[in-house]
Amino acid sequence: MKPAVFSYSAPESIEEALGLLAEHGSEAKVLAGGQSLVPLLNFRLARPAHIVDINGIGELSYISSNGSLRLGALTRLTAVEESGDVSSGHPIITRAVSHIGHRAIRNRGTIGGSLAHNDPAAETPALLLALDSEVTARSAGGERTLSAQELVGDRFFETSLGDDELLTEIRIPALAASSGWGFQELSRRHGDFALAGVAAVVTMDGGAISSAALGAFGGAYAARLPEAEAALVGAEAGEAAFAAAGERAAAEFPTTSDVHGSEEYRRHLIGVLTGRALAEATSNTGGENG
Amino acid sequence: MTATQSTGWIGVSAPRREDALLIRGRGRFIADVSPAGALHLAVLRSPFAHARINGVDTSAAESLPGVHGVITADDLEGIGAFPTVWRLPGQKECHTPALAPGKARYVGEPVAAVIADSRYIAEDALDLIEVDYEVLDHVVDVEAALAEDAPVINEHMGDNVIIEYTFPGINALGVAGDLDGAFAEADEVITGRFRIGRYSGVPLETRGLVADWDDLRQTLTLHSESQVAHLLRTELAAALGIPETSIRILTPNIGGAFGNKWDRYPEDILVSLASMRLGRPVKWIEDRRESLQATVHGRQQLQEWQLAVRSDGALLGLKGRVLSDQGAHLHSVGIGPAWVTGAAAVNQYKIANYHCDVLGVATNKTPNSTFRGFGGPEAMFGIERMVDKAARKLGIDPAEIRRMNMIGADEFPYFSPGGAVYDSGNYPTALAKALEAVEYDRLREEQAALREQGVRRGIGIGSYIHVSGFGPSAILGMLDYYTGGYEGSTVKIDPHGRATLYTGMIPMGQGTETTLAQVAADHLEIDIANVRVVWGDTDQTPYTGFGSAGSRSNVAAVAVIKAIEEIKAKAVRIGAGLLEADPEDVAYGDGRISVKGAEEMRSLTLAEVAQQAYWGHKIPEGDQPGLEATYVYDPANFTTAYGTHVAVVDVDVQTGKIDWVKYVVVDDAGTIINPLLVEGQIHGALAQGLGGAILEEFVYDEETGQLLSSSLMDYLLPSFTDLPDFEIHHLETPSPHTEGGFKGMGEAGCFPAGAVVANAVTDALSDLGIEVDETPVTPARLWGLINAAGG
Ligand SMILES: Cc1cc2nc3c(=O)[nH]c(=O)nc-3n(C[C@H](O)[C@H](O)[C@H](O)COP(=O)(O)OP(=O)(O)OC[C@H]3O[C@@H](n4cnc5c(N)ncnc54)[C@H](O)[C@@H]3O)c2cc1C
């Protein structure tokens, strides 16, 4: 398990990195925390001719908050997990990130790398979908803003980033005061990729649900669950509404199978976890959280 | 333990002397062995489950700069392969070749090897080897392998049945029981069909080798992690066609072995041969993917049982068929584990009438061979599930049906119809103690109350026997097991009175160095700091054909005791001369040689006598100078460890996930040398047993024959967060079969674990009528059962 031959550069600025990406095009791969890329290299499943190591680019690592949250792409998952700015405004992120692998992996792994890798069983893409996030992608030619949906939507282990583009920033809007969140995941062991998981954000109007966002993972790709969300709007929070949403969620989830579970099982789990995430979300509205 | 202590070392929780080294990172593992000028070997492995190899073109690989050589099957003329040491009558020969000759039979089978300046270059060269594979139909399911039209994996065998071995269920007089009568008399016949999953030791440290051939001296130094270095030396000499006197095997620290490293492997030959042919040291470290594909697997069986029971709960007769999924070749121990399953299946119960057919079946998978437990956990799964099924059918409590059928404390030695003689114990007491520890009656009440609240709690019981201390060599001979079961020990007292002990055992985490030092200190009545243990060098240590296994310290310990007895007797003879006393009046005690009754006045230290022994000035007639002895102990009989485990679990019926509530172990391994290490061994073995019960599985794709669990992302090892707290209690019934009373204990922890979990989960879901008959009990598998039952 040794990688095939590649050349390597370690730029110290975004501009420099973008220049290298423009130069090497599809032959290049960005190396962030390496927690996904290095195993792929060692298994020789990825054989880039050139590695652009962005770990020396300090300006890509930051957390800033003024209600909405801005995360530099190179911010380590542990930094996100431990950030008070993150947990005070977006505790769902703190919780979700704690499910990513183990501490050693989060110490190296980055939020941008996790998103760019877009593993369908990963927490980050579905979470950012549910949070209506957007990202900045830069290339030598310029800069563009993409919604999380545009970046990862319906995609399996790939994104809409061009070969010459670097993901630089992730922006997450502030949550409404009357909103609550739930995060439910089932994995074989703690820290494993999920068998299935659901991130839920709901806004309440008294006892009724005024809006709901559901991001699901563990299937063919990270997905919002619009049918289930629609069924929740205007519904009274409670077992009946959660069960109905769960049924729709299961039906619309882009399921898949692997050694750890069949399509049918994962579909069923999304239904169960949707119900549980909603129960959690509606019990912690108004800033309290579990 | 700072104060020195001269007596009572047996039974003391001495901290492991190995630990300081390992914890401080000063251990030395194979990867740390890097002779100057070493080359690196990488193995090309078959990507197909079954494929004819019509040609191997190595020219591009050979011309890659940095490549020193490529070995293919064509280069192995005159080179042998390792035999199967267990050769049961009727067993067809299909041992593992060094390189797939003309045909690859499983994914991961070695096809060629490259030797290069670095592992990187070697792997680049593997990419350049062109193999002309002709893909053949494969079979990975054991029943499918038995079908008429199944692809035949080893053509010369005619079909995929390697052996069909029958246990006729004979009693002590050699007479078979009345099985038909038992089934005719039965009020109920309980049936069970069990699929025991394929998993293995998966040691954290993978295999590795460094071979160093010295052309001028004509010697091969092999650094290896083999658990049985002497047997490897013998077999390697035969395979390579060089004198055994030319080979020295050195064993560094081992990062886990679990039986997997007992076997001899193709790479042992390839790496040695590469060094001999290239005249350079050659190093190979197995990577994780290779380890999962090419280090032996274990366990996998399909069992079918029928149990004849009377309505009062009496177990009258048991008959069964065990299909052992052997993989493509027989490895070092043949179908040994499955044989043990047949021998142990009646467990702790007085089932007088027994019959079992064990079939070894070839499939296109990695060979299934030695793994901690060695057929025992498989046997326990079958019988302990059957007993639970019988209890449920008859409306008898599962604890009660066990108790009433257990062999009584006064019935030893007990001749089991599986063929083993159980030496001693108190099975009902172990069960009672386990039930008491979990507060069984209260637990049952609580279970009913929780059920009302929608919580599904299950209680699972599993009792076990572990026939250990393999074994009297003569009996191994009768079983066609071509190696000995003895263990030797050399003890040398130096002129300062300190002891050095040489053992063929290989410490691989079980604390052998500490326990053997304890036994020596105890019997010499000196401080443990004055005992050094030498291991891991075939040039220095006594020959062993059985070597280290989790349950061998009991045999090795007796060899130490016997060698020390000889030393003490000689010290007394020499000391008597020095003390001018009759040897009859002199005794050894407290590390001194003294005239009985005048210990204060007429007494010499061991050091004083040893000094004299080496000066040789006053050696008694018939004795030689020096103070050392070697004893090779061949056990008189097997020892039988046993116990009962109880698990309490909660099951989430919506997801199929299991939560641990409690896990209690009661075991009896005879006299305990070191309680701390015993506890550690139980923890480790139990983790391994529970790993196989809920997480660990080698999954093969039926369609493609690929091993799907080929990384640690898909092959799931348990960590402490996945395991319950273990509550451990002991009984201590010294074995009458061995000096010292020790029984083997390094494996027993894993024995009932699978059955206990399956019984607990079945109990939790009793209202749904679900029977958990397959391991591992994964959430997906369990939910499948729940869903099918309409839960
Ligand atoms: C044992 C283990 C367990 C794990 N468990 C989980 C888990 O439970 N959940 C989970 O979600 N993940 C898990 N992971 C995966 C890991 O957490 C993430 O995939 C990861 O951290 C990716 O971030 P990275 O910075 O390491 O990215 P890298 O591995 O460096 O890169 C990943 C991919 O993203 C690209 N990339 C990285 N940064 C950028 C950028 N700024 N712009 C454009 N492209 C970029 C790379 O080119 C590469 O294709 C696990 C990993 C391991 C080793």
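Quick look at the numbers
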| item | result |
| --- | --- |
| Unique residue being surrounded by 24 or more Cβ atoms within 10 Å (Cβ to Cβ) and away from the ligand (no atom under 15 Å from the Cβ) when the list is A:Gly180, A:Gly197, A:Gly142, A:Gly153 | A:Gly180 |
| Residues of region B:146-175 that turn out to be farther than 30 Å from B:Thr363 by Cα and touching a residue at least 12 places away in the same chain (Cβ under 8 Å), as a count | 3 |
| Checklist (1) under 11 Å from the mean Cα position of the chain (by Cα); (2) small (Gly, Ala, Ser); (3) more than 10 Å from the ligand (Cβ to nearest atom) applied to A:Ser160, failing item | (1) |
| Of all residues in region B:107-143 being assigned to a loop (DSSP other than H, G, I, E, B) and not hydrophobic (A, V, I, L, M, F, W, C), the one that is farthest from the other protein chains (Cβ to nearest Cβ) | B:Asp137 |
| Region A:30-50, residues that are in a strand (DSSP E or B) and within 9 Å of the ligand (Cβ to nearest atom) | A:Val30, A:Leu31 |
| Residue that is more than 30 Å from the chain's Cα centre (by Cα) and buried (at least 18 other Cβ atoms within 10 Å of the Cβ), where the choices are B:Ala150, B:Ala145, B:Ala184 | B:Ala150 |
| Residue count for region B:263-284, restricted to those that are touching a Gly at 6+ places or on another chain (Cβ under 7 Å) and either assigned by TED's automatic domain parsing to the domain that holds B:Asn368 or under 21 Å from B:Gln227 (Cα atoms) (or both) | 1 |
| Whichever residue in region A:5-29 is charged (D, E, K, R), more than 12 Å from the ligand (Cβ to nearest atom) and outside any loop (DSSP other than H, G, I, E, B) and, among such residues, is surrounded by the fewest Cβ atoms within 10 Å (Cβ to Cβ) | A:Glu15 |
| Residue in region A:45-58 that is within 14 Å of chain B (Cβ to nearest Cβ), within 30 Å of B:Arg289 (Cα to Cα) and among the charged types (D, E, K, R) present | yes |
| Tabulated pairs, region B:444-464, first assigned by TED's automatic domain parsing to the domain that holds B:Ala399, second among the aromatic types (Phe, Trp, Tyr) and in a helix (DSSP H, G or I), C-beta under 9 angstrom, 6+ apart or interchain | B:Ile459/B:Tyr440; B:Ile461/B:Tyr440; B:Gly462/B:Phe381; B:Ser463/B:Tyr427 |
| All positions within region B:593-607 that are surrounded by 19 or more Cβ atoms within 10 Å (Cβ to Cβ) and touching a residue at least 40 places away in the same chain (Cβ under 8 Å) | B:Leu606 |
| Options A:Val198, A:Val202: the member that is in a strand (DSSP E or B), under 28 Å from A:Ala32 (Cα atoms) and away from chain B (no Cβ under 12 Å) | A:Val198 |
| Checking B:Asp659 against (1) away from every other protein chain (no Cβ under 14 Å); (2) part of a strand (DSSP E or B); (3) modelled with pLDDT of 95 or more, the condition it does not meet | (1) |
| Region A:93-109: number of residues that are near the ligand (Cβ under 8 Å from one of its atoms) and within 14 Å of chain B (Cβ to nearest Cβ) | 5 |
| Selection within region B:99-111 - at pLDDT 95 or above and of a type in the set (A, V, I, L, M, F, W, C) | B:Leu99, B:Ala104, B:Val107, B:Val111 |
| Search result, residues across region B:372-410 that are among the acidic types (Asp, Glu) and either buried (at least 24 other Cβ atoms within 10 Å of the Cβ) or in contact with a helix residue (DSSP H, G or I) (Cβ under 9 Å, 6 or more places away or on another chain) (or both) | B:Glu378, B:Glu384, B:Asp388, B:Asp397, B:Glu400 |
| Residue among B:His729, B:His737 that alone is over 16 Å from B:Gly192 (Cβ atoms), away from every other protein chain (no Cβ under 14 Å) and not in a loop (DSSP other than H, G, I, E, B) | B:His729 |
| Selection from region B:755-785 of residues that are within 20 Å of A:His260 (Cβ to Cβ), outside any loop (DSSP other than H, G, I, E, B) and more than 14 Å from chain A (Cβ to nearest Cβ) | B:Val757, B:Ala758, B:Val761, B:Glu774 |
| Residue that is farthest from the ligand (Cβ to nearest atom) [pool: residues in region A:62-82 that are surrounded by fewer than 17 Cβ atoms within 10 Å (Cβ to Cβ) and touching a residue at least 40 places away in the same chain (Cβ under 8 Å)] | A:Gly67 |
| Residues located in region B:415-443, provided they are farther than 30 Å from B:Asn171 by Cα and in contact (Cβ under 8 Å) with a residue 12 or more places away in the chain | B:Lys433, B:Ala434, B:Leu435, B:Ala437, B:Val438, B:Tyr440, B:Leu443 |
| Hits in region B:437-461 (condition: among the charged types (D, E, K, R) and out of contact with any strand residue (DSSP E or B) (no Cβ under 9 Å at 6 or more places or on another chain)) | B:Glu439, B:Asp441, B:Arg442, B:Glu445, B:Glu452 |
| Hey, A:Asp85 away from the ligand (no atom under 13 Å from the Cβ), among the acidic types (Asp, Glu), within 13 Å of the chain's Cα centre (by Cα) and not in a strand (DSSP E or B) or not | no |
| Those residues of region A:211-241 which are of a type outside the set (Gly, Ala, Ser), outside any strand (DSSP E or B) and buried (at least 24 other Cβ atoms within 10 Å of the Cβ), in sequence order | A:Leu225, A:Leu232 |
| Verdict on A:Arg188 being within 16 Å of the ligand (Cβ to nearest atom), within 13 Å of another protein chain (Cβ to nearest Cβ) and at pLDDT 95 or above | yes |
| Number of the exception - B:Asn759 against (1) more than 16 Å from the ligand (Cβ to nearest atom); (2) polar (S, T, N, Q); (3) within 23 Å of B:Gly259 (Cα to Cα) | (3) |
| Verdict on A:Ala121 being without any contact (Cβ under 8 Å) to a residue 12 or more places away in the chain and within 12 Å of the ligand (Cβ to nearest atom) | no |
| Check on A:Gly162, under 25 Å from A:Asn55 (Cβ atoms) and either within 14 Å of another protein chain (Cβ to nearest Cβ) or of a type outside the set (A, V, I, L, M, F, W, C) (or both) | yes |
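For (1) in a helix (DSSP H, G or I); (2) closer than 24 Å to B:Pro734 by Cα, each residue gets a yes or a no:
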| position | (1), (2) |
| --- | --- |
| B:Arg532 | no, no |
| B:Glu565 | yes, yes |
| B:Ala569 | yes, no |
| B:Gly577 | yes, no |
| B:Glu599 | no, no |
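The values are calculated or read from the model by the stated rules, or taken from the named source; none is laboratory data. Computed from a prediction, not measured in an experiment: that's the story for all the values here. Glycine also receives a Cβ, built like all others from the backbone with ideal geometry; neighbour counts cover every protein chain displayed.
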